[in-house]
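Q: Take this structure first; my questions come after.
The values are calculated or read from the model by the stated rules, or taken from the named source; none is laboratory data. Quantities reported herein were computed from a predicted structural model and do not represent experimental measurements. Reconstructed Cβ throughout: ideal geometry from the backbone, glycine too, with neighbour counts over all protein chains shown.
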Amino acid sequence: MVINLRTSAARGKDAGGAVWLLLFSHAIPLSMSNDRNARLLTLAFVAFLLFTFPVLRIFGKDGFVFGLPVLYVYICLAWLAIIGLVWYQFRDYPPRR
Amino acid sequence: MSSSLIIAAAIAYIGLLFLIAYWTDRRSKRGISTVNNPYIYALSLAVYCTAWTFFGSVGKAAAAGIHFLPIYLGPTVSAVLWWFVLYKMILVSKAQRITSIADFISSRYGKSTLLGVIATLLAIASIVPYISIQLKAIAVSYDILTHEGVQAWSGEGLLAIPFYQDTAWYIAIALAIFAIIFGTRNLDPNERHEGLVVAVAFESVFKLIVFLLVGIFVCYGLFNGFGDLFAQAQAVPEIAATLFFDQETVDGWYWFWLMLLSMFAILLLPRQFHVAVVENTNPEFVKTATWLFPLYLFLINIFVLPIAVSGSLLQGTAANADMFVLSLPLLADQPFLSLLVALGGFSASTGMVIVAVTALAIMISNHLFMPALIQYAPTSARQTEDITDRLLGIRRVSIVIIMLLTYGYFKFVSASYGLVSIGLISFAGVAQFAPALLGGLFWKRATRKGAVWGLSVGAIVWGFCLPLPTLVEAGFFPISIIEEGLFGQAWLRPYTLFGMEGMDRLSHGAFWSLSLNTLTYVLVSINTIPSPLEAYQANVFVNIYDYLEDDSSHEVIRRTARFEDVFHVLRRFIGIEKTEEIVQSFTSRALRQLPPGTEVGEDFISVAERNLAGAIGAASAKIIINNIVQEEPISIEEMLRILDQTREIVAYSKVVEAKSQELEATTQQLRTANEQLQELDELKADFITTITHELRTPITSIKSLANILAENTDLPAADKEKYLAIIVSESARIARLVDQVLDWEKLQHALPTNNATRVAIRPLLETAAASIKPIMQERQIDFAVQLPTNSLHGHGQRDQLLQAILNLLSNASKFCASPNGQVQLAAKAVGREIEISVTDNGFGLSPHEMDNVFEKFTQFSDREHGKPPGTGLGLAITQTIVKQHGGRILVESSKGKGATFLIYLPLSQD
């Protein structure tokens, strides 16, 4: 994705962008999608951790919140949080007309 | 409930699916694509949720609490990575026209026929048990509905029933027919089945709604909401134990392996690969599926635990928990809801079976039948018989064979197992694809031999540890294999392979098969060398992003073939219509206009091969195309060199381009400098000529006059004096000339601010005018002076400024008209500058002359006026002086109308 950005800028579709890239690419992330990739990788790792058995055992003890088993509530919330965060990364898609 | 009602409902439901598929195909024929929609795509992925989900999850939850969940949490975790993995798989598959997971693996490793065969056999062995549990789910739910009973339904009595009285037999036949109708109606070169995908998406919505309805009914119809349900469950210790996750109730490693296997299964199950990759119309849809599909999983699981708990509470923990979803509404006397549930389960099963069987049929026909057909019935390119009908026939036969296998497995094996435990055997089986597929996507060094060995070892270990014991228990093999080990070897026992004990059967089998598979794959890969085609394919798969923009620059294989040969092959395998489409998209010329024997090159052959691969798989397409092409042999070293170099060359050529531009610029500068030097050289030569000429004239006259004086001692005194005066003046002229040259040289090295003082302009100009006046008078020039009345001051060296002005005045006196010459000297303050102007009425300057007038050694001559007097240094000296005083000098003139030289000097501030 980064490459596309560079080439489209280099082809002169976006001359200002090209200058911007050349001047500041060392200082700030090249593009949003590059950032997104790092976030997604981190999120996958966190998601895997959240559902490993040692972590689940923390919540798997005998206990209830709002009349529901703590484990059930934890899994539902963690699950929804992951879905929400992934959605947030792709919230611009599909583009609205 | 009467069986006719149930069958009628099922037929009506299937009819609805056909209508949807028919409507979709009608639309796509008119050019409207229904599947070109990210939401349809995400929903079609939910074919993952089968009868296992619909019935089996509740059964598992009733027995072992949240152990049913890893199957859905795993895909949720791996879906986060789809943007990296699935997206790339889709790009590769579009570029290579991949038709199945076996085709994907075969293509990656040099379009290997052997790998296609291994992968297909493994897929069949893995998926047949999986389909058999769908058969079981439908059959059991039908029997429960018709008998209106919930008595335990066991497999023991099943073997006694002849197959023609068995519900499952007729269900198998019906499913085979659906699959044939949905999956093999036509042979699409891209293996796209839009109708099938939309029907599957519809089924996904339907089963979700039904499951949510049952959940709401159980929680709020049979109990007073979640709180009430869980409060009652807490009171029964047996049930309460399933709600928690502790050392005793949950085996941590079992949980881990379930997560891992399902992370793989979501993309590696043949049907998942089919809907996610082969049927995908736009890779960007992954962006939606990556969150929408986990959301679907979340919704369909939210009521599993409540339903399981309420089933255990109402029917006891010993009941057939797999059927709670159906038996709960039935017991509560909700016939309509029960029928909906049966249809929901039916839809979950049929969707899975149709897609899975279609995907398997594609693999069997492309990777088992096709290579055999080509191998043993060599088809010459000359044969014109159309083979597309035969291909469809092969697929239909494949479907029937798969359903027969499925029924057999169901009848003898899966009847005595739970839905989930059979399903997990399948998961572990398809997980064997993971090293070869993921490694092939990201690791360029992986070789065909590595994949063959890894996949074979994984498949054998998996088969030995997981499905084999189920066959042993069904009586196909002696029980001694389990108890004493294969061939009586104790270390070859399927549940404790190599003596590894203390693990459950699934974790044990998954651990050994996956680790040995991966290890073999890596070890063999790094110790073997890929063939040229393998290396090329590896590069396409791993670096697919480089190939997206322009693939022609990456072509390294050069092949030629006769056009008719390619044309006949295409016509045989994909039909005349599609062939003509391809040819016409490629060449604007009509087919008949191509002269016989026309040679076609790599570009056309690769298009033909890709289209052929879309119909019969890459390996078979390769064999067929190889029969008709001439290929320039290419060595592996050369191939690797080319592949490694392509990108380096691109990078390098960019550097070279930049360098050569730089060089060009430098060359240009040098050329300009050289021209200037040459010009200067010419000027210098001219100057020397001028100077010597100027010097020679007075020297000649001095010499001749001195000769006269020397030879004629008796000359009259008046003549003598006259001659001597001329000699003196001529000598002065020489001295002047030499002084001017020395002045010029001095100016070049002088520091501008040396001895700088305040200079009053008016006295300066008066001095200049007084000095030049005699010459003006001598030449009868009308000399006018207009000096400023107020006192103006400049800054600098008075003598130099005086010289500059005198030079201008002297020039004016030389170049003004003759006779009636006019010269004017004027000065005034302009802004913060002093303007000193010298105007003459001579023949003026042309624009070209104005450009060069201040260049040193410049003298203008023309035919009319001859060579002008002077050294060519005066104006150059003047300009240098003015510049060194921080001022500027301009000339205003037009040819024939005189010239005005203007000096601007900064005013001195007091």
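Q: If only one of B:I7, B:I20 is modelled with pLDDT under 85, surrounded by fewer than 24 Cβ atoms within 10 Å (Cβ to Cβ), among the β-branched types (V, I, T) and more than 30 Å from B:V607 (Cβ to Cβ), which one is it? If you could, list the steps in order and put the result at the bottom.
A: On the way: B:I20 fails: modelled with pLDDT under 85.
On inspection, the qualifying residue turns out to be B:I7.
Q: Looking at (1) within 14 Å of chain A (Cβ to nearest Cβ); (2) at pLDDT below 85; (3) in contact with a helix residue (DSSP H, G or I) (Cβ under 6 Å, 6 or more places away or on another chain), find the lone condition where B:L292 falls short.
A: Unmet for B:L292, out of (1) within 14 Å of chain A (Cβ to nearest Cβ); (2) at pLDDT below 85; (3) in contact with a helix residue (DSSP H, G or I) (Cβ under 6 Å, 6 or more places away or on another chain): (2).
Q: Go through segment B:805-832 and give me each residue that's out of contact with any Lys or Arg (no Cβ under 9 Å at 6 or more places or on another chain) and part of a strand (DSSP E or B).
A: Across segment B:805-832, the qualifying residues are B:Q822, B:V823, B:Q824, B:L825, B:A826, B:K828, B:A829, B:V830.
Q: State all residues of segment A:81-92 that are within 9 Å of chain B (Cβ to nearest Cβ) and surrounded by 14 or more Cβ atoms within 10 Å (Cβ to Cβ); if no residue qualifies, say none.
A: A:I82, A:I83, A:L85, A:V86, A:W87, A:Q89, A:F90
Q: Of (1) at pLDDT 90 or above; (2) touching a strand residue (DSSP E or B) at 6+ places or on another chain (Cβ under 9 Å), B:F244 satisfies all except one. Which?
A: Condition not satisfied by B:F244: (1).
Q: Continuing with the same structure: Scan segment B:854-864 and give yes if some residue there is more than 22 Å from B:F687 (Cα to Cα), in a strand (DSSP E or B) and modelled with pLDDT under 85, otherwise no.
A: No: segment B:854-864 contains no residue that is more than 22 Å from B:F687 (Cα to Cα), in a strand (DSSP E or B) and modelled with pLDDT under 85.
Q: Wholly within segment B:418-485, which helices (runs of 4 or more DSSP H) include no fewer than the required count, namely at least 1 residues that are buried (at least 24 other Cβ atoms within 10 Å of the Cβ)?
A: Per the criteria, B:419-430, B:433-442, B:448-465.
Q: Next question, about the same structure. Going residue by residue through segment B:223-236, is there one that turns out to be in contact with a His (Cβ under 7 Å, 6 or more places away or on another chain), at pLDDT below 90 and buried (at least 20 other Cβ atoms within 10 Å of the Cβ)?
A: no
Q: Does B:V400 satisfy the condition of being buried (at least 24 other Cβ atoms within 10 Å of the Cβ), within 24 Å of B:P467 (Cβ to Cβ) and at pLDDT 80 or above?
A: Spelling it out, it is not the case that B:V400 is buried (at least 24 other Cβ atoms within 10 Å of the Cβ), within 24 Å of B:P467 (Cβ to Cβ) and at pLDDT 80 or above.
Q: Checking the structure you have, find out if any residue of segment B:361-371 is touching a helix residue (DSSP H, G or I) at 6+ places or on another chain (Cβ under 7 Å), modelled with pLDDT of 85 or more, within 23 Å of B:Y417 (Cβ to Cβ) and surrounded by 24 or more Cβ atoms within 10 Å (Cβ to Cβ).
A: No, that holds for no residue.
Q: Residues that are farther than 30 Å from B:N820 by Cβ: list the strands (runs of 3 or more DSSP E) wholly contained in segment B:756-804 that include at least 1 such residues.
A: Answer list for segment B:756-804: B:757-760, B:793-796.
Q: On to the next question. Report yes if B:Q800 is touching a strand residue (DSSP E or B) at 6+ places or on another chain (Cβ under 6 Å) and modelled with pLDDT of 80 or more, otherwise no.
A: no
Q: For segment B:778-797, give me the residue count where each residue is loosely packed, with under 14 Cβ neighbours inside 10 Å and at pLDDT below 85.
A: Of the residues in segment B:778-797, 4 are loosely packed, with under 14 Cβ neighbours inside 10 Å and at pLDDT below 85.
Q: Restricting to segment B:52-111, name every residue that is more than 14 Å from chain A (Cβ to nearest Cβ), of a type in the set (G, A, S) and in contact with a Ser or Thr (Cβ under 6 Å, 6 or more places away or on another chain).
A: If the condition is that a residue be more than 14 Å from chain A (Cβ to nearest Cβ), of a type in the set (G, A, S) and in contact with a Ser or Thr (Cβ under 6 Å, 6 or more places away or on another chain), then B:A62, B:A102, B:S106, B:G110 are the ones that fit.
Q: If you take the residues of segment B:202-251 that are among the small types (G, A, S) and closer than 15 Å to B:V325 by Cα, which of them is farthest from the other protein chains (Cβ to nearest Cβ)?
A: B:G221
Q: May I pose another question? Pull out all pairs, ordered by first then second residue, where Cβ-Cβ is under 6 Å, the residues are six or more apart or on different chains, the first lies in segment B:295-324 and is at the interface with another protein chain (Cβ under 10 Å from one of its Cβ atoms), and the second is of a type outside the set (A, V, I, L, M).
A: Pairs found: B:L297/B:Y72; B:F298/A:W79; B:N301/B:Y72; B:P306/B:C219.
Q: Can I ask one more? Pick from A:S33, A:S8: which is in a helix (DSSP H, G or I), modelled with pLDDT under 70, within 11 Å of the chain's Cα centre (by Cα) and more than 7 Å from chain B (Cβ to nearest Cβ)?
A: Residue meeting the stated conditions: A:S33.
Q: Here is a further query. Can you tell me which residue within segment A:47-63, out of those that are in a helix (DSSP H, G or I) and surrounded by fewer than 16 Cβ atoms within 10 Å (Cβ to Cβ), is nearest to the other protein chains (Cβ to nearest Cβ)?
A: A:P54
Q: Also: If you go through segment B:280-312, how many residues are crowded, with 18+ Cβ neighbours inside 10 Å and over 22 Å from A:F90 (Cα atoms)?
A: 12
Q: For B:A490, indicate whether it is under 30 Å from B:Q272 (Cα atoms) and of a type in the set (A, V, I, L, M, F, W, C).
A: On the way: under 30 Å from B:Q272 (Cα atoms): no; of a type in the set (A, V, I, L, M, F, W, C): yes.
Considered against the rule, which asks whether it is under 30 Å from B:Q272 (Cα atoms) and of a type in the set (A, V, I, L, M, F, W, C), B:A490 comes out as no.
Q: Filter segment A:64-79 down to the residues that are touching a Gly at 6+ places or on another chain (Cβ under 7 Å), surrounded by fewer than 21 Cβ atoms within 10 Å (Cβ to Cβ) and either in contact (Cβ under 8 Å) with a residue 60 or more places away in the chain or facing chain B (nearest Cβ under 7 Å) (or both) and list them by number. Please lay out each step first, then the result.
A: First pass over segment A:64-79, keeping only residues touching a Gly at 6+ places or on another chain (Cβ under 7 Å): A:67, A:70-71.
Still in the list and also surrounded by fewer than 21 Cβ atoms within 10 Å (Cβ to Cβ): A:67, A:70.
Once the filter is applied, which keeps residues that are touching a Gly at 6+ places or on another chain (Cβ under 7 Å), surrounded by fewer than 21 Cβ atoms within 10 Å (Cβ to Cβ) and either in contact (Cβ under 8 Å) with a residue 60 or more places away in the chain or facing chain B (nearest Cβ under 7 Å) (or both), segment A:64-79 yields only A:G67.
Q: Before we move on, is B:F541 modelled with pLDDT of 75 or more, surrounded by fewer than 22 Cβ atoms within 10 Å (Cβ to Cβ) and not basic (K, R)? If you could, list the steps in order and put the result at the bottom.
A: Working: modelled with pLDDT of 75 or more: yes; surrounded by fewer than 22 Cβ atoms within 10 Å (Cβ to Cβ): no; not basic (K, R): yes.
When the stated conditions are applied, B:F541 does not pass them.
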